[in-house]
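J.: This is the structure I have questions about; it appears just below.
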Amino acid sequence: MSVELERRGLPTAVISALPPVAQELGANRVVRGVKIPHPCGDPTLEPDADRALRLRIVRAALKSLTQPTSRPTIFDPA
Amino acid sequence: MQLELASFPITHVTLGEATRLDGQHLSVSREQLMEAVANPAIAGVDLQVVHPGESARITQLSDVVEPRVKVAGTGDVFPGLLGPVVSVGSGRTHRLDGLAVMISGDVPWLGASGLFVPRNNFVDTSGPGADLSPHSGTVNLVLRLRFADGFSHDEYQRAVVVAGLRAARQLALATVGLTPADVTIRDLSVSQPALPRVAYAYQVQSQGVFMRTYLYGRMLDELLPTLVHPNELADGAVVAGGLGGGAVKLTTWLHQNNPLVDGMYSRHGAEWNFVGVILHRGHYYQYEDKQRVALQLARSAQLLRADGVAFSLGGGGNNITEVMLAIQECERLGIKTVLLAWEHGGPSGADYPLPFAVPEAAAMVSTGSMDEPLVLPAMDRVCGDSTIRVRPELGGVPIPVDGPLDLSNGYELFGGANPVGWQRTGCIEY
Amino acid sequence: MRIVHFLNQFYGRLGGEEAADTPVRVVDAPVGPGTRLQELLGQRADIVATIVCGDNVAAEEPSTFRDAVQRILQERLADVFVAGPAFNAGRYGLACGAACCVAAELGVPSVTALYPENPAASLYRRELVIVPTTATASGMQAALTRLADLAVRLGNGDALGPPWVYGYLPHGFRRVELREKTAADRALDMLAARLRGEPFQTEVPLPDVARVDPAPPIADLSTATLAVVTTSALVPKGNPDKLRQSYSTEWRSYSIAGLERLEPGAWESMHGGFDTSAANADPHQVVPLDVLRLLEGATFGRLHDRYFVTAGVGTAVSAAQRMGAEIAAELLSSGAQGVILTAT
């Protein structure tokens, strides 16, 4: 789906726990997620730590939207 | 480690006073069987027999088990579940060849949905559907369980597993003291050292109570690739523990009769040297874990000095990622691979058939597509519930199976995805 | 049986690249390789006309080209249309494909011949009958022979049998078949062949990877409107629109306007391919609304009023493409400038 969104001019940050698979499928901006059932956080952490992790992941996603990429790129949350 | 696999062919089964083998006819005592499978979570058991070629649709299966018992050698069949954890795979094991114990029954869903449901299913024993499942060709002794209220999924699951194993072993006891029709020697000793060495990377599925596999009685949800001797599979060291299941299900029967294992053995000393089985699971949720599986699998193959590895899939979905990464790693180490894979290319087969692939997967065999709509005629008889539930995400939509079937895909055909290559299915491109 | 043949400027004997701008012209006779094609057709059919066109014309003036081909097919009462062989020539191959599509619209059966790796082959193989050829004209004779036979079959209205029997490229529909040997035996045979160093034929091809040029980055994130798309199948509790658990072909959108958080209990994941308990206990694990609201108005402009959802389990590529296109259309018309897509 991200291929179609990008094709129509919508930069798309894909948060995925399987970044190489997302790349293989054509995603250009891939943000490393945590795990398949919870890509945007880690429920085993304390709520504050989980939220801080989620903030880093989403910040990486937002950053990727402002970056020119010439090929599929994986962005790691800080 | 040498195993003598002694086969007693069965062509006919009837219910009778005592459990006795007479030539190729097995008489089964209902009382003895009931005693063997008794469990507080099971309220009642109904026994039916379906012979190959009969027009029957058997529904709501959780497992299929081939009756076996050890008469010599350490341990006994289904170690860790029926008996103590003792090494198996040597000595002599008796099997009732052509007979399968089927555990059937509508397991309560208890509000489960999504991944957490016992998938409803069916098997046809004649007609076009018979060619599509591995379980249509055996004499099927169907134990249809009614479940008692008030137990958990884990308790139902345990009851289902143990019932199948106990029933299977008890029936095999009828062969003790009798002369088998055939004895096959299973031995990995190398008599032709110049032949290439091959291993089988056997992927199973183990993720919670609805999709569980056991090794010597231990659940494999945390499994990293581990070495298993093929004779251990023959003695039931690997058992299917999940409730329900669909097209991709690996039953205990398939673990006992895996055609890739049997095929590697039959060419041992002629085409190659079979060096072992690398048991592993997929569906890990984190990419790094998939990488760990791949690396360890390839390293195990390398330590076995394998020249070639055959791969199969346990379950459907992102488990193919572990396998593809392992194939990539093996090929980089100079180990030649072949993958037996199901296809998922949509109802018209127009889409790319796999969720993930690597360029190194240049040798693949297709087991057919489970996405293809399935049209099957009515069977004369339904063995089990005459409705099954599909669409678990909606709480389960019942569809009748006592007439002709017009299904939008093959997911409910038990074992229909041909995961270890028992059937002759494949895909042809038009 | 009346056949109209299509050739480019080179095979049409008008010259090479310098003649690539030649407009469509028609000759009422076989031309170039068409002469040999007519010999192979014998009494079975007549090439009543040959359309010749420069490679650039078909590429740069497609509607003029199509109209001309259509007119000629109609005027010459074509029963069958044969284009090429174009071998590995890219522009010529595309012209052949486009011309065959015109014929198809008129109800005239057509056949062309391309090298399988000609880009036109992957573009057109689903709809058209394409004879596979060598990369160069060294395979002209074989290509013409096959073209002749298929043209006659098509002209007779005979159903075309399977691709491997009748010698054309498979359209790309993979169907279940029962083979002679079990899948396990076929796998072991293939392994044996590989170990012996013998050739083998894989049964499942490797994919063409979908690649698209990245969309330009967002120039000013602080004023941008962003939308969330998720394949986690997160929906309002009760799944009011009955989103399919797997093999999704539909998408939905739900309002998050005015919501600062997604409360557990109000949402659930209908996904059939992973353990949904984490998402159900805390929907932010798959739709990170909490932190997006934190950053809204500061790091980025605003969040779209709705989020978009499907269940990414076994979703066929074509369905995913269609859904992506539809969601894109919706987002563009409602002012979104970028997407955060959470994949499960």
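J.: Could you say whether any residue in the stretch C:14-28 is outside any loop (DSSP other than H, G, I, E, B) and crowded, with 23+ Cβ neighbours inside 10 Å?
T.: For the stretch C:14-28, residues outside any loop (DSSP other than H, G, I, E, B) and crowded, with 23+ Cβ neighbours inside 10 Å: absent.
J.: Is it true that some residue in the stretch B:405-428 is among the basic types (Lys, Arg), part of a loop (DSSP other than H, G, I, E, B), within 11 Å of another protein chain (Cβ to nearest Cβ) and at positive phi?
T.: No - not one qualifying residue is present in the stretch B:405-428.
J.: Could you list, in sequence order, the residues of the stretch C:126-185 that are in contact (Cβ under 8 Å) with a residue 24 or more places away in the chain, within 14 Å of another protein chain (Cβ to nearest Cβ) and part of a strand (DSSP E or B)?
T.: If the condition is that a residue be in contact (Cβ under 8 Å) with a residue 24 or more places away in the chain, within 14 Å of another protein chain (Cβ to nearest Cβ) and part of a strand (DSSP E or B), then C:130, C:132 are the ones that fit.
J.: Hey, another quick one. Checking residue C:274 against (1) surrounded by 22 or more Cβ atoms within 10 Å (Cβ to Cβ); (2) at pLDDT 95 or above; (3) farther than 22 Å from residue A:4 by Cβ, which test does it fail?
T.: (2)
J.: Ok, one more. Within the stretch A:1-39, which residues are of a type in the set (Gly, Ala, Ser) and surrounded by 24 or more Cβ atoms within 10 Å (Cβ to Cβ)?
T.: A:2, A:13, A:16, A:17, A:22, A:27, A:33
J.: Which of the residues spanning the stretch C:194-234 are part of a helix (DSSP H, G or I) and within 8 Å of chain A (Cβ to nearest Cβ)?
T.: C:221
J.: On to the next question. Considering only the stretch B:48-161, give the strands (runs of 3 or more DSSP E) lying wholly within it that have at least 1 residues that are under 30 Å from residue C:312 (Cα atoms).
T.: In the stretch B:48-161, the matching strands (runs of 3 or more DSSP E) lie at B:56-59, B:61-65, B:122-124.
J.: Residues that are more than 7 Å from every other protein chain (Cβ to nearest Cβ) and of a type in the set (Ser, Thr, Tyr), at least 3 per element: which strands (runs of 3 or more DSSP E) completely within the stretch C:247-344 meet that?
T.: Counting at least 3 such residues, we get C:252-255.
J.: Return a yes/no flag: does the stretch B:345-367 have any residue that is touching a Ser or Thr at 6+ places or on another chain (Cβ under 8 Å), within 8 Å of another protein chain (Cβ to nearest Cβ) and over 26 Å from residue C:182 (Cα atoms).
T.: Scanning the stretch B:345-367, I find no residue that is touching a Ser or Thr at 6+ places or on another chain (Cβ under 8 Å), within 8 Å of another protein chain (Cβ to nearest Cβ) and over 26 Å from residue C:182 (Cα atoms), so the answer is no.
J.: Moving to a separate point now. Looking at (1) more than 26 Å from residue C:152 (Cβ to Cβ); (2) more than 24 Å from the chain's Cα centre (by Cα); (3) not polar (S, T, N, Q), can you tell me which one residue C:77 breaks?
T.: Failing condition for residue C:77: (1).
J.: Inside chain A, counting only helices (runs of 4 or more DSSP H) that do not spill past its ends, which hold 2 or more residues that are out of contact with any Leu (no Cβ under 6 Å at 6 or more places or on another chain) and more than 7 Å from chain C (Cβ to nearest Cβ)?
T.: Qualifying helices (runs of 4 or more DSSP H): A:19-24, A:47-66.
J.: Can you report the number of residues in the stretch C:51-91 which are part of a strand (DSSP E or B), buried (at least 24 other Cβ atoms within 10 Å of the Cβ) and out of contact with any strand residue (DSSP E or B) (no Cβ under 6 Å at 6 or more places or on another chain)?
T.: Within the stretch C:51-91, residues that are part of a strand (DSSP E or B), buried (at least 24 other Cβ atoms within 10 Å of the Cβ) and out of contact with any strand residue (DSSP E or B) (no Cβ under 6 Å at 6 or more places or on another chain) number 1.
J.: While we're on this one: For residue C:219, all conditions in the list (1) in contact (Cβ under 8 Å) with a residue 40 or more places away in the chain; (2) surrounded by fewer than 16 Cβ atoms within 10 Å (Cβ to Cβ); (3) not aromatic (Phe, Trp, Tyr) hold save one; what is the number of the exception?
T.: Evaluating residue C:219 over (1) in contact (Cβ under 8 Å) with a residue 40 or more places away in the chain; (2) surrounded by fewer than 16 Cβ atoms within 10 Å (Cβ to Cβ); (3) not aromatic (Phe, Trp, Tyr) leaves (1) as the failure.
J.: If you go through the stretch B:320-344, how many residues are at the interface with chain C (Cβ under 10 Å from one of its Cβ atoms) and either assigned to a helix (DSSP H, G or I) or among the aliphatic types (A, V, I, L, M) (or both)?
T.: Of the residues in that region, 4 qualify.
J.: Given the structure, is residue B:287 hydroxyl-bearing (Ser, Thr, Tyr) and at pLDDT below 95?
T.: So residue B:287 fits the description; yes.
J.: Given the residues B:75, B:111, B:80, which is the only one that is surrounded by fewer than 22 Cβ atoms within 10 Å (Cβ to Cβ) and over 22 Å from residue B:245 (Cα atoms)?
T.: That would be B:80, the only listed residue that is surrounded by fewer than 22 Cβ atoms within 10 Å (Cβ to Cβ) and over 22 Å from residue B:245 (Cα atoms).
J.: Of all residues in the stretch B:383-404 being within 10 Å of chain C (Cβ to nearest Cβ) and in a loop (DSSP other than H, G, I, E, B), which is nearest to residue B:201 (Cα to Cα)?
T.: B:391
J.: Out of all the residues in the stretch B:1-24, which are touching a Ser or Thr at 6+ places or on another chain (Cβ under 7 Å), part of a strand (DSSP E or B) and exposed (fewer than 15 other Cβ atoms within 10 Å of the Cβ)?
T.: B:14, B:16, B:20, listed by residue number.
The values are calculated or read from the model by the stated rules, or taken from the named source; none is laboratory data. If you're wondering where the values come from, they're calculated on a predicted model, not measured in any experiment. Please note: Cβ atoms are built from the backbone with ideal geometry, for glycine as well, and neighbour counts cover all protein chains shown.
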